[in-house]
Every structure is written in structure tokens, then in C-alpha cells.
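The values are calculated or read from the model by the stated rules, or taken from the named source; none is laboratory data. What you see is a predicted model; the values in this text were computed from it and never measured. When we count neighbours, we look across all protein chains shown, and the Cβ atoms used for this are built from the backbone with ideal geometry, even at glycine. Ligands, DNA and RNA are stripped out before the accessible areas are found, and what is left, the full protein with its side chains, is counted by its heavy atoms. Shrake-Rupley method; radii C 1.70, N 1.55, O 1.52, S 1.80 Å.
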Amino acid sequence: MCADLSRTPRNLLVCERSSFLDEKNRLSFQVEQLRFNYKVSLLLPECGSAPSHLESTLNSFSRFYLVKKLPIYELLDKDFLQNAVYQGSVYGLSFGTRIDEDNCVALMPNGRLVLSLDKDSYEMLGFEGRPSRFNHRTCSRFVVPVDLKERSMAPGSPGYRRLLRALSSHLKLQTDFLISHHPGGGAALKALLSRYDWSERRPEVCSRRLSDLVCPDLRSCDPHSLLEWLGAADADVSCQNSSSSFLSTLTCPEPTTTLAAALSASVSGLLLPQDVQRLVEQLRCHLQQEQTASWASVTVHGFADGPVSWGDEEHGVLTGGENFYNLLMFHDHTYRLHLATGPQDGCPP
Amino acid sequence: MLKMFAPAVGFSTVAINYVFEPKAKKQEVPSPMPITELIGKLPMVQGHSCPIRVLNRLTVVMSEASHFRPNASEYRPFDLLAVQPTTEKLFHAACMLCDVDIICILVTERLPFFFKRAPINGSIDRGVVFEVSYASALRDITMRRYTITNAVCLMESCKGKNVILSSAAEKALELRGPYDIVNLGLLFGLSDTDSKEAVTSTCRAVLLHAEARKTASGIVYTMKSQQEVLRDTADSEAPAAKRPKST
């Protein structure tokens with residue numbers, strides 16, 4: 001008996017076709033649900049350089065902060081809860097931690113704190129949680145979800161004191177932390193940041209011009225081939241499949257057209273869904289204004305090592321932690337949306 | 001060089017293996033070099049803020065039952081203990097009786113025996129794991145066939161439970177990243193989740209088993225203190241005795 005190599009790890013692709021003019025379209029909801037965005041990539045046809053309004057949108061993505069060795073019990077600080085968590089949306093994610101190896105922390109804008117812990121850390125913490133959905137034979141991963149806006153977790157309540165004691169004396173959890181606040185920005189986080197080694201970061205923007213890009217028929221192409229082609233264009237992988245090169249056998253799906261020029265731009269960092277929403281609106285305007293542009297593609301990648309992906313769904317990494325969506329917009333207000341996740345994820349919305 | 005490469009590739013714990021093949025009489029078990037002498041400062045694991053953990057491991061190649069001496073004091077300096085049985089009888093003894101952590105599966109030649117469910121289930125119950133190493137598969141095409149064949153035979157009997165995949169690398173280039181090993185496990189007949197476990201939680205279980213092996217029932221751990229050693233040497237003269245009563 002030989003190994004069954006035909007089975008590959010499960011991945012999930014949700015495809016949707018709709019129009020911006022349709023009242024029932026759920027695009028804003030879907031964009032808002034992927035809370036922790038790592039990278040946004042654009043592909044614009046017939047475009048040598050980024051138009052000014054798009055460039056200013058890319059450069060105006062919210063700044064975020066990297067705090068070194070933040071003890072996680074600080075996220076339960078009364079002033080921090082009053083000024084930041086209850087007043088707006090705090091987006092926080094542990095940095096430099098691997099979801100399948102280390103302890104990871106996420107603070108979501110709805111006030112939920114999620115700790116994804118290994119077995120030893122969970123047993124030391126002594127706070128209630130549940131085993132991870134993705135445990136196989138042994139329970140090696142546990143998730144502790146805490147709703148900081150709930151009455152039982154109000155500062156001074158028994159639940160709050162218990163968690164604070166657990167994080168400050170039983171398990172002194174300390175990680176590098178990426179944090180951002182909407183709409184207040186750094187002001188609401190000042191008190192927390194001033195106590196630790198922090199640095200303000202701007203999302204990194206880079207762009208390049210592609211020439212003679214072979215492009216498929218975007219309306220009729222099947223989703224898997226389309227996403228493969230978009231990935232190849234973004235990663236600058238040749239789709240020529242020439243007989244002398246063995247680096248790539250990827251080909252552009254037929255029927256093809258050739259674009260003289262195209263713009264590939266990306267922004268990376270801790271990106272907020274509100275900024276992504278604004279970028280989508282700007283791209284819609286761009287498509288209406290420019291006669292030559294017939295489509296625009298935006299791909300938004302979530303963090304591979306975050307404890308959550310869409311909404312409150314648990315996220316894990318088997319061999320890859322992909323959770324991303326691609327929005328392909330057309331001149332006539334219609335769009336194709338593809339939401340993809342890997343083997344250790346729930347279903348996208 | 002190998003130890004510098006492992007953290008860069010993504011491993012957080014490595015074990016340095018000393019192979020002991022008792023051919024001649026009175027051959028001594030090698031003593032492991034202290035880790036601090038081998039590597040000055042432990043490098044940080046890629047993407048983490050903690051240094052790599054380095055352990056010492058002994059593999060005893062058993063071609064006779066007397067080659068493995070249970071509870072031998074020479075095995076104490078090693079963190080992990082492994083045996084590589086070469087016959088069916090020795091494999092059965094290793095699975096059911098030997099106080100070891102790892103049983104190595106032959107990968108360099110055709111297996112001289114078939115795996116039976118009974119000893120395999122016995123070792124799974126005891127917490128002993130089976131190890132398949134892949135470096136020889138990288139060196140030679142014939143060994144690649146033997147590795148895959150022997151590994152697939154093992155997986156048929158053990159159903160993917162209690163298996164670890166390790167490198168047995170002698171050079172830096174024979175090491176592969178953890179996710180590559182997870183994919184390699186698919187070739188050996190493991191499912192994707194079993195293969196992931198073979199690199200993560202099963203390895204953690206082996207380390208805990210090794211620590212428990214050195215204790216009494218996993219609860220009590222003894223250590224020789226310095227003061228006792230000094231007192232022992234002072235009392236080496238004739239022990240105190242009662243003087244007979246004079247009448």
C-alpha cells in the first residue's frame with residue numbers, strides 16, 4: 001500500500017458576484033470582518049504610475065505602534081479600558097509569535113481579548129477556556145476568549161480580578177505587540193505606550209510598473225485560475241512557461257490579452273478595515289473617471305499567525321496560514337469577490 | 001555550523017545524537033560534550049525572542065540483547081535515549097521492555113522483519129515513539145526507496161500514532177525546515193495532521209517522557225548534593241563501632 005498523495009490539505013474558497021449598486025451587497029460587512037489585515041495589493045491595468053488620489057489614499061493608511069515586551073495584563077488596565085477599549089476600536093495583535101508554536105494574543109475592536117495558548121501555558125494560567133477546534137489526537141492548543149465589555153469583566157468584578165491575577169502572577173505572558181486605535185489614533189493609547197518601549201510605524205508602501213502583462217478574460221475565468229494568475233502577477237512570476245526555464249510552469253488562462261502597462265502596488269503593516277474600505281471607494285471613483293481602466297483588483301491578506309481570521313472565527317496554521325480575499329471591480333459597478341482560507345479556519349462570511 | 005542553521009530554519013529544539021554501536025567487548029559509551037563548550041551562546045530561533053534549546057541524545061544500535069543495559073549510569077548524562085533494534089526479537093524487546101524514549105527504524109537497508117501490531121501497540125501504551133530519519137534519503141536514491149518503504153510499513157501498523165520525523169543530519173545542507181518535513185510525512189503515509197503532530201506535539205511528548213524516565217514514577221527527582229559527597233570521603237575509615245563493656 002502506498003501513501004495516498006491525491007489528498008491535499010483542505011482549503012476553502014467562497015466566490016461571490018454582485019454589484020455595488022445592489023442594495024443587498026454585503027461587501028462592507030465582509031471587508032469589516034477581516035479585522036487584522038497584513039497586506040493590501042493592487043493591480044491596475046493601463047496605468048504607468050499611481051494616480052494622485054490613489055497615492056494619497058495609500059499613504060494615508062493609519063499609523064500603528066509596535067510595543068516591545070508588553071505584559072498582557074496591561075491590556076486590562078482600567079485607564080486603558082476606559083479611554084481606548086470602551087471609547088472606540090482597539091486593534092491589537094501579538095508580533096513575532098507563531099500560532100502553532102507560541103502563545104498568541106489578539107485584542108479585537110469589539111472588546112474581545114483572545115489568547116491562543118499552548119498546553120503548559122493554559123494550565124498555568126488557570127482561567128477558563130476551551131480546547132482549540134483544530135486539535136488532532138492530543139489537546140495541545142487552547143483558546144481563552146474574554147469579552148472585556150461584558151459586565152462580568154468590568155474592572156473590580158471577580159472575573160476581572162481573577163484574569164488579572166492569572167496574567168500577572170500565574171502566567172506572566174509578555175509579547176511584542178502591534179496596536180492601533182480607531183478613530184483616536186495614538187492619543188488614546190498614550191498612557192499605555194509611555195510605560196514601555198514603543199515605536200510608531202507607518203504602513204510600508206511600494207509600487208512597480210509591469211509591462212506587457214498577459215491577462216486572462218477576467219469576467220469568465222474560473223476562480224482558481226484567476227487567483228493563481230493574480231498571485232503570479234503580484235509575485236512577479238513569469239507566466240511564459242518557456243521550454244528552457246524550469247522555474248515556473250504557470251500559464252495565463254486562455255483567452256488572453258496583453259496589457260502594455262500595469263501598476264502593481266502594495267501596502268503592508270497593521271492595516272485597519274476602515275482604511276481598506278476607503279481604498280475600495282477610491283478605486284471605484286478611479287474606475288468611473290478613467291476611460292482606459294476597465295477593471296481593478298485589490299487583494300487583502302490577513303495575518304498568517306493571528307489567533308482569529310474572519311469575525312471571531314479561530315484561525316490556525318497547518319502548513320500555511322492563508323486567509324485573504326480578492327475583490328475584482330469592473331467599470332460597470334459589478335464585482336467578483338473571492339474569500340479564501342486554509343485548512344485550519346472557519347468559513348469566510 | 002549545523003547548530004547555527006537549525007534555528008534559522010525554524011526549529012526551537014534540537015538534539016545532538018551520539019551513536020553507540022557496541023562491537024568490541026568493553027567498548028565504552030561516549031560521554032556527551034557539554035552544550036556550553038560546543039556552542040558558546042545559543043542563537044535565537046528565527047522569528048522568536050527565545051534561544052534554541054539543545055539536548056544530548058544517545059542511540060544504542062542493538063544487534064544483541066546485551067548491548068542495551070537498562071538503568072546504566074553511563075546513560076545518565078544524556079537527555080534522550082534511543083535504541084535501534086536490528087532483529088525482530090530485539091524490536092519486540094525494545095517495544096515491550098526497554099526503558100527508552102525512541103525506537104529508531106532502519107532506513108538504510110531493507111527491513112529484515114515485518115512490524116507486528118502487538119509490540120507496536122505495547123510501545124504506544126508505554127509512550128515510546130518510533131523515529132524515521134530522512135537524511136539518508138537525501139543522500140542516495142536507493143536509500144530513499146528503503147526509507148519510504150520502511151516508513152510506509154511502519155505507518156500501516158501504527159496508524160500514524162507516536163511517530164517522529166527527524167533529520168539525522170551530519171551537514172547543514174541535510175537539514176530541512178519543519179513545514180517541509182510535514183510535507184515529507186505525507187510521502188511516508190501520514191495524514192497532514194498526523195504529520196504536523198510528528199514534528200510538534202509528539203516531539204514534546206518524547207521530551208516529557210525522557211524527563212519522567214529519570215524520575216521515580218514521574219514525581220520524585222533525586223540529585224546528588226555536594227555536601228554528601230564531601231562527607232562520604234571523610235568517613236572512609238573504619239565505621240564507628242560499639243566498644244565492648246568491660247566487666
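Among the conditions (1) within 10 Å of chain A (Cβ to nearest Cβ); (2) touching a helix residue (DSSP H, G or I) at 6+ places or on another chain (Cβ under 7 Å), B:Pro119 misses just one, which is (1). Note on segment A:102-144: residues that are touching a residue at least 60 places away in the same chain (Cβ under 8 Å), part of a loop (DSSP other than H, G, I, E, B) and in contact with a strand residue (DSSP E or B) (Cβ under 6 Å, 6 or more places away or on another chain) total 4. Among the residues of segment A:295-322, just one is away from every other protein chain (no Cβ under 14 Å), in a loop (DSSP other than H, G, I, E, B) and in contact with a helix residue (DSSP H, G or I) (Cβ under 8 Å, 6 or more places away or on another chain), namely A:Gly311. Residues considered: B:Tyr179, B:Tyr134. Of these, the only one that is over 19 Å from the mean Cα position of the chain (by Cα), aromatic (Phe, Trp, Tyr) and either within 11 Å of another protein chain (Cβ to nearest Cβ) or buried (at least 17 other Cβ atoms within 10 Å of the Cβ) (or both) is B:Tyr179. Pairs are defined by a Cβ separation below 8 Å, a sequence spacing of at least 6 or placement on different chains, a first member in segment A:217-232 that is in a loop (DSSP other than H, G, I, E, B), and a second member that is open to solvent by 70 Å² or more (accessible area, probe 1.4 Å); the pairs so defined are A:Asp217/A:Pro255; A:Asp217/A:Thr257.
Taken over segment A:98-122, the criterion of being open to solvent by 40 Å² or more (accessible area, probe 1.4 Å) and either among the small types (Gly, Ala, Ser) or closer than 25 Å to A:Lys149 by Cα (or both) is satisfied by A:Asn110, A:Arg112, A:Tyr122.
Within segment A:98-124, track down each residue that is within 16 Å of the chain's Cα centre (by Cα) and within 14 Å of chain B (Cβ to nearest Cβ). Selection gives A:Arg98, A:Ile99, A:Cys104.
Scanning segment A:26-55 for residues that are in contact with a strand residue (DSSP E or B) (Cβ under 8 Å, 6 or more places away or on another chain), part of a loop (DSSP other than H, G, I, E, B) and closer than 28 Å to A:Leu259 by Cβ yields A:Glu46, A:Cys47, A:Gly48, A:Ser49, A:Ala50.
Within segment A:323-344, the set of residues being away from chain B (no Cβ under 14 Å), under 15 Å from the mean Cα position of the chain (by Cα) and not β-branched (Val, Ile, Thr) comprises A:Asn323, A:Phe324, A:Tyr325, A:Asn326, A:Leu327, A:His338, A:Leu339, A:Ala340. With respect to (1) touching a helix residue (DSSP H, G or I) at 6+ places or on another chain (Cβ under 6 Å); (2) not in a strand (DSSP E or B), the lone exception for A:Glu23 is condition (1). Scanning segment B:120-131 for residues that are free of Cβ contacts under 8 Å to residues at least 60 places away in the same chain and open to solvent by 10 Å² or more (accessible area, probe 1.4 Å), which turns out nearest to B:Ile102 (Cα to Cα)? Once the filter is applied, the top-ranked residue is B:Glu131.
When each of A:Phe95, A:Phe20 is tested for being out of contact with any Pro (no Cβ under 9 Å at 6 or more places or on another chain), within 14 Å of chain B (Cβ to nearest Cβ) and of a type outside the set (D, E, K, R), the lone residue that passes is A:Phe95. Would you check if there is a residue in segment B:58-77 being away from every other protein chain (no Cβ under 14 Å), more than 20 Å from B:Arg204 (Cα to Cα), over 18 Å from the mean Cα position of the chain (by Cα) and not hydrophobic (A, V, I, L, M, F, W, C)? Yes, segment B:58-77 contains at least one residue that is away from every other protein chain (no Cβ under 14 Å), more than 20 Å from B:Arg204 (Cα to Cα), over 18 Å from the mean Cα position of the chain (by Cα) and not hydrophobic (A, V, I, L, M, F, W, C). For segment A:79-101, a residue qualifies if it is in contact with an Asp or Glu (Cβ under 7 Å, 6 or more places away or on another chain), assigned to a loop (DSSP other than H, G, I, E, B) and not β-branched (Val, Ile, Thr), and the qualifying residues are A:Gly96, A:Arg98. Take A:Tyr73 and decide whether it is open to solvent by less than 40 Å² (accessible area, probe 1.4 Å), farther than 18 Å from A:Arg284 by Cβ and either modelled with pLDDT of 90 or more or away from chain B (no Cβ under 14 Å) (or both). No: the conditions fail for A:Tyr73.
Okay, residues lined up against (1) closer than 13 Å to A:Phe330 by Cβ; (2) at pLDDT 90 or above; (3) crowded, with 21+ Cβ neighbours inside 10 Å:
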position	(1), (2), (3)
A:Arg278	no, yes, no
A:Arg284	yes, yes, no
A:Gln289	no, no, no
A:Ser294	yes, no, no
A:Ser297	yes, yes, yes
A:Val300	no, yes, yes
A:Ala304	no, yes, no
A:Val308	no, yes, yes
A:Asp312	no, no, no
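Filtered by the rule that a residue be open to solvent by less than 20 Å² (accessible area, probe 1.4 Å) and in contact with an Asp or Glu (Cβ under 8 Å, 6 or more places away or on another chain), segment A:315-337 gives A:His315, A:Gly316, A:Val317, A:Leu318, A:Gly321, A:Asn323, A:Arg336, A:Leu337.
Right, A:Ser225: in contact with a Ser or Thr (Cβ under 8 Å, 6 or more places away or on another chain) and open to solvent by 20 Å² or more (accessible area, probe 1.4 Å) or not? So A:Ser225 fails the test. Scanning segment A:165-192 for residues that are surrounded by fewer than 17 Cβ atoms within 10 Å (Cβ to Cβ) and hydrophobic (A, V, I, L, M, F, W, C) yields A:Ala187, A:Ala191. Kindly evaluate A:Val67 against the criterion of being surrounded by 15 or more Cβ atoms within 10 Å (Cβ to Cβ) and either assigned to a loop (DSSP other than H, G, I, E, B) or away from every other protein chain (no Cβ under 14 Å) (or both). No. Of the numbered criteria (1) over 28 Å from A:Arg112 (Cα atoms); (2) surrounded by 14 or more Cβ atoms within 10 Å (Cβ to Cβ); (3) over 23 Å from the mean Cα position of the chain (by Cα), the one A:Gly48 fails is (2).
Condition check ((1) open to solvent by 40 Å² or more (accessible area, probe 1.4 Å); (2) farther than 20 Å from A:Pro71 by Cα; (3) touching an Asp or Glu at 6+ places or on another chain (Cβ under 8 Å)) across all residues:
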| site | (1), (2), (3) |
| --- | --- |
| A:Asn135 | no, yes, no |
| A:Arg151 | yes, yes, no |
| A:Ala154 | no, no, no |
| A:Leu163 | no, no, no |
